[in-house]
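Peer 1: The structure under discussion is supplied below as structure tokens; questions concerning it will follow.
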Amino acid sequence: MTDQTQQERICPLCGGDNQCAMAAGRAADSCWCQDVVISPAALAAIPAASVGKHCLCPACGKMKGDNTV
């Protein structure tokens with residue numbers, strides 16, 4: 001696994017495995033994020049440098065406005 005591939009699998013909020021299907025080489029429609037609504041608070045918390053580059057993990061995707069899941 002390359003450094004870039006490893007980075008693509010890291011959640012930009014918690015640093016954990018984001019469980020992204022695409023980063024693992026699988027089809028996008030098989031990803032966990034296709035079947036859930038990502039929290040607006042979680043999306044707003046993504047650092048600018050990671051927007052469009054790194055996916056959230058399921059736990060962070062459910063984050064509430066007070067940073068709890």
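Peer 1: Please name all residue pairs, on different chains or six or more residues apart, with Cβ atoms under 8 Å, provided the first residue is in the range 27-42 and is of a type in the set (S, T, N, Q) and the second residue is outside any helix (DSSP H, G or I) and open to solvent by less than 40 Å² (accessible area, probe 1.4 Å).
Peer 2: SER30/ALA21; SER39/MET63
Peer 1: Another question, if that's okay. Are any residues in the range 9-28 under 16 Å from LYS62 (Cβ atoms) and of a type in the set (Gly, Ala, Ser), and if so, which ones?
Peer 2: Selection gives GLY16 alone.
Peer 1: Moving to a separate point now. Test of understanding: among CYS31, CYS57, CYS20, which residue is closer than 19 Å to ARG9 by Cβ, touching a strand residue (DSSP E or B) at 6+ places or on another chain (Cβ under 9 Å) and open to solvent by less than 30 Å² (accessible area, probe 1.4 Å)? Outline the logic, then answer.
Peer 2: Details: CYS31 fails: touching a strand residue (DSSP E or B) at 6+ places or on another chain (Cβ under 9 Å); CYS20 fails: touching a strand residue (DSSP E or B) at 6+ places or on another chain (Cβ under 9 Å).
Unique residue meeting the criteria: CYS57.
The values are calculated or read from the model by the stated rules, or taken from the named source; none is laboratory data. These numbers come from a predicted model, not from an experiment. No Cβ is skipped: glycine too gets one built from the backbone with ideal geometry, and neighbour counts run over all protein chains shown. For the accessible areas, the whole protein counts, side chains as well, though only heavy atoms, and no ligand, DNA or RNA atoms are used. Shrake-Rupley method; radii C 1.70, N 1.55, O 1.52, S 1.80 Å.
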